[in-house]
Amino acid sequence: MERKKAASTFRQYKLVLKKLKTFCTEMGFHSLTQLTLVELEKFTRAWKVSPRTEGKRIERVKRFFNYCVERKFIAESPAKGLTAPPPEKVKAIPFTEEQVGKIEKACAASDGPNRNRLIILLDLMLSTGLRISDAVTIGLSQALAVMPGVSRSGITISTGLFRGLDRFAAARFSFLLSTPIIAGAAAVNFYKMYKTGLPSDQMTAFAVGIAVSAITGALTIRYFMDFLRTRSLAFFVSYRVIFGIIVVALAIFRS
């Protein structure tokens, strides 16, 4: 039925078909080809497995009946109407406030410049169900932002959504990831400024610029987080697609 597949895949097919044959006998049918969509839905609903596993098993059942159609054992596949359940989203870890408080106190007792960042990260992971694998995947996706036209926040939030996080949790973690990048860039530029010096007539403008950037940045992040609580990212996706098409079109015409 499927060539060049691992032995474990064939074992899984065999297991599902064996269960299907047992179900067929219990229902009083003499052949698997006598089953209808109603019986197949009863068969799949009897599984007590995760949605992902159930989806795989449904796919194997559908492939079997498609094979029967190809071999002309039956005219039409009864499994054609079977649908896989929606994927399960990441659920929050059921930690109590007391447990979270103990972990935060343990982090606060540690030394080092990353202490506060570690506290925020742990609080985020415990409150949203973010796993270590999610954090690593989102962190690696951030590296794609070095490519021209790729938004750092956009790629990290998108990755978080693909990993099953909700909009708010994905955005919150994305902004947290920007902390070391911004801090590193600021440290490099302050070092350069220290080496070259800053003219005295620019000190006021420099201080005002830092203050305005900090205030507007904080307000923007707060507004954006409030925005995501009740609205989707469809607006941002739309304008990125539209401007992307415009940029590609201009590049083609200019060349």
_List the residue pairs whose Cβ atoms are under 9 Å apart, where the first residue sits in the stretch 230-242 and is in contact (Cβ under 8 Å) with a residue 40 or more places away in the chain, the second is of a type in the set (Ser, Thr, Tyr) and part of a helix (DSSP H, G or I), and the two are 6 or more positions apart or on different chains._
LEU233/SER158
*Considering each residue of the stretch 230-255, count those that are under 19 Å from ARG172 (Cα atoms) and surrounded by fewer than 10 Cβ atoms within 10 Å (Cβ to Cβ), and give that number.*
2
*Spot the failing condition for PHE224; the list is (1) in the same structural domain as MET147 (by TED's automatic domain parsing); (2) part of a helix (DSSP H, G or I); (3) surrounded by 11 or more Cβ atoms within 10 Å (Cβ to Cβ), and only one is missed.*
(1)
*Could you run through the stretch 15-35 and say how many residues are surrounded by fewer than 18 Cβ atoms within 10 Å (Cβ to Cβ) and either under 15 Å from ARG63 (Cα atoms) or of a type in the set (D, E, K, R) (or both)?*
7
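The values are calculated or read from the model by the stated rules, or taken from the named source; none is laboratory data. All figures in this text were calculated on a predicted structure; none of them were measured in a lab. Cβ atoms come from the backbone with ideal geometry, glycine included; neighbour counts cover every protein chain shown.
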